[in-house]
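The values are calculated or read from the model by the stated rules, or taken from the named source; none is laboratory data. Keep in mind the model is a prediction, meaning the values are calculated, not measured. As a convention, Cβ positions derive from the backbone with ideal geometry for all residues, glycine included, and neighbour counts pool all protein chains shown. SASA here: full protein model, heavy atoms, side chains in, ligands and nucleic acids out. Shrake-Rupley method; radii C 1.70, N 1.55, O 1.52, S 1.80 Å.
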Amino acid sequence: MTDESPRREPKQPRPQQRKQMLLRLDPAVHDALARWASDELRSANAQIEFLLRRALSEAGRLPGSAAPIRRRGRPPKAPDQE
């Protein structure tokens with residue numbers, strides 16, 4: 001081997017994978033949740049997470065290690081793409 005071999009880039013840490021869970025809801029509750037989410041331009045899943053985070057925060061149980069909730073809408077453009 002020569003010293004001219006390509007150098008490997010250091011690996012970037014992988015973002016923490018989001019947990020998945022099955023949730024069973026009464027159909028009427030799901031419909032109301034879906035309408036509420038639509039009114040706030042969120043998916044039903046994002047609305048559930050928003051409500052759970054708010055409830056945890058109000059109860060003083062939201063862990064400090066919890067990542068902030070993702071911003072809604074399109075991600076901002078990178079400075080080099082303007």
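Taking only region 32-82 into account, find how many residues are in contact with a Ser or Thr (Cβ under 8 Å, 6 or more places away or on another chain) and either open to solvent by 100 Å² or more (accessible area, probe 1.4 Å) or not in a helix (DSSP H, G or I) (or both). Residues meeting the conditions: 0. Taking every residue in region 1-30 that is in a loop (DSSP other than H, G, I, E, B) and pairing it with any residue that is at pLDDT 90 or above, at least 6 positions away or on another chain, the pairs with Cβ-Cβ distances below 8 Å are Leu23/Ile48; Leu25/Leu33.
With respect to Arg24, determine if the residue is at pLDDT 95 or above and not aliphatic (A, V, I, L, M). When the stated conditions are applied, Arg24 passes them.
The residue pairs whose first member lies in region 54-79 and is in contact (Cβ under 8 Å) with a residue 24 or more places away in the chain and among the basic types (Lys, Arg), whose second member is open to solvent by 100 Å² or more (accessible area, probe 1.4 Å) and part of a loop (DSSP other than H, G, I, E, B), and whose beta carbons are closer than 7 Å, counting only pairs six or more residues apart or on different chains, are Arg72/Leu41.
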